[in-house]
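The values are calculated or read from the model by the stated rules, or taken from the named source; none is laboratory data. Fair warning: this is a prediction, and the values are worked out from it, not measured in the lab. Because the Cβ atoms are built from the backbone with ideal geometry, glycine has one as well, and the counts that use them run over all protein chains shown. Accessible surface is based on the protein model in full, side chains and every heavy atom, while ligands, DNA and RNA are left aside. Shrake-Rupley method; radii C 1.70, N 1.55, O 1.52, S 1.80 Å.
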Amino acid sequence: MNETLRDELLEMARLDRKVRAELAASGELFDAGYEPRMARVHERNARRLLRIIESVGWPGTDLVGPDGAEAAWVILQHAIAEPDLLRRALPLLQAAAREGRASPRHAAMLEDRIRFFEGRPQRYGTQFDWDAEGKLSPGEVEDPQRLDERRRSVGLPPLAEQMEEARMRATSEGDRPPADHPAYARAREEWAAAVGWWTD
């Protein structure tokens with residue numbers, strides 16, 4: 001167990017949550033685009049996580065404990081402007097999950113996050129965004145008839161349950177659908193292309 005690394009990961013995740021809570025409370029988090037202060041925290045954390053991965057591989061429960069591994073995953077999930085980092089970490093996290101050093105749920109959610117930002121159907125339907133009807137939705141999913149079966153296999157609740165929870169959380173935090181959904185979708189696509197999620 002590397003207590004120093006565990007403490008560092010926990011502190012990085014704590015700062016992420018603190019800044020997000022402050023921006024959500026002020027309403028700034030939900031303004032158009034990627035809020036600059038939040039982006040800076042994510043970028044700084046992503047750079048450090050990359051160095052950790054280069055040094056020790058995926059920081060799993062065996063190295064940093066369950067809370068440290070959870071913190072590493074949160075940091076990775078939030079590194080949305082670093083597609084190469086997420087893509088590089090996915091096989092490491094999947095291997096750690098197979099070996100019992102990481103949560104299969106975390107690996108599934110990372111895979112979905114990558115697919116979401118690449119504009120591909122999700123496998124587990126874990127990533128939600130505002131749809132054209134103004135509702136939080138996972139959008140297109142692969143093989144929808146077997147979706148809840150796949151979710152169950154990695155420890156996720158049924159989609160309907162997670163969707164209800166996500167919508168309630170958005171309401172409680174003051175998140176709201178974009179006033180102009182086509183403009184919102186265009187801006188998201190332009191951002192995704194600019195940071196390297198879309199390569200064609």
(Q) Given the condition crowded, with 17+ Cβ neighbours inside 10 Å, in a loop (DSSP other than H, G, I, E, B) and in contact (Cβ under 8 Å) with a residue 40 or more places away in the chain, answer yes or no: does some residue in segment 102-123 qualify? (A) yes
Q | Pick from segment 63-82, criterion open to solvent by less than 30 Å² (accessible area, probe 1.4 Å) and more than 27 Å from Trp191 (Cβ to Cβ), ranking: nearest to the chain's Cα centre (by Cα) | A | Ala69
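Name every residue in segment 21-52 that is over 25 Å from Ala194 (Cα atoms), in a helix (DSSP H, G or I) and either more than 18 Å from the chain's Cα centre (by Cα) or modelled with pLDDT of 90 or more (or both), in order of residue number.
Step one: of segment 21-52, the residues over 25 Å from Ala194 (Cα atoms) are 21-22, 24-27, 52.
Now narrow it down to the ones that are in a helix (DSSP H, G or I): 21-22, 24-26, 52.
Within segment 21-52, Glu22, Ala25, Ser26, Ile52 qualify.
Residues in segment 154-176 that are part of a helix (DSSP H, G or I) and in contact with a Phe, Trp or Tyr (Cβ under 9 Å, 6 or more places away or on another chain): how many? It would help to see each step written out before you state the result.
First pass over segment 154-176, keeping only residues part of a helix (DSSP H, G or I): 159-173.
Among the residues that remain, those that are also in contact with a Phe, Trp or Tyr (Cβ under 9 Å, 6 or more places away or on another chain) are: 159, 162-163, 166-167, 170, 173.
Residues in segment 154-176 being part of a helix (DSSP H, G or I) and in contact with a Phe, Trp or Tyr (Cβ under 9 Å, 6 or more places away or on another chain): 7 in total.
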Q) Of these, Leu147, Leu85, Leu90, which one is at pLDDT 95 or above, touching an Asp or Glu at 6+ places or on another chain (Cβ under 7 Å), open to solvent by less than 50 Å² (accessible area, probe 1.4 Å) and not in a loop (DSSP other than H, G, I, E, B)? A) Leu90
(Q) Among the numbered criteria (1) in contact with an Asp or Glu (Cβ under 9 Å, 6 or more places away or on another chain); (2) on the phi < 0 side of the Ramachandran plot; (3) surrounded by fewer than 23 Cβ atoms within 10 Å (Cβ to Cβ), which one does Gly60 miss? (A) (3)
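To keep it simple, each residue is scored yes or no on (1) closer than 22 Å to Glu142 by Cβ; (2) among the hydrophobic types (A, V, I, L, M, F, W, C); (3) touching a helix residue (DSSP H, G or I) at 6+ places or on another chain (Cβ under 8 Å).
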position	(1), (2), (3)
Ile75	no, yes, yes
Asp84	no, no, no
Arg88	no, no, yes
Asp112	yes, no, no
**Q.** Gly139 being touching a residue at least 24 places away in the same chain (Cβ under 8 Å) and either open to solvent by less than 70 Å² (accessible area, probe 1.4 Å) or over 15 Å from the mean Cα position of the chain (by Cα) (or both)
**A.** no
(Q) Here's a check for you: in segment 150-174, which residue that is more than 17 Å from the chain's Cα centre (by Cα) and closer than 23 Å to Ala21 by Cα is least open to solvent (accessible area, probe 1.4 Å)? (A) Gly174
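Could you please find all residues in segment 18-68 being within 21 Å of Gly174 (Cα to Cα) and among the β-branched types (Val, Ile, Thr)? Don't jump to the end; show me each part of the working.
If we filter segment 18-68 for residues that are within 21 Å of Gly174 (Cα to Cα), which is where we start, we get 18-39.
Hit for segment 18-68 is Val19, nothing else.
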Q. Could you give every pair whose Cβ atoms fall below 8 Å, whose first residue belongs to segment 36-60 and is closer than 18 Å to Glu3 by Cβ and among the small types (Gly, Ala, Ser), and whose second residue is modelled with pLDDT of 95 or more and exposed (fewer than 13 other Cβ atoms within 10 Å of the Cβ), counting only separations of at least 6 or pairs across chains?
A. Gly60/Glu99
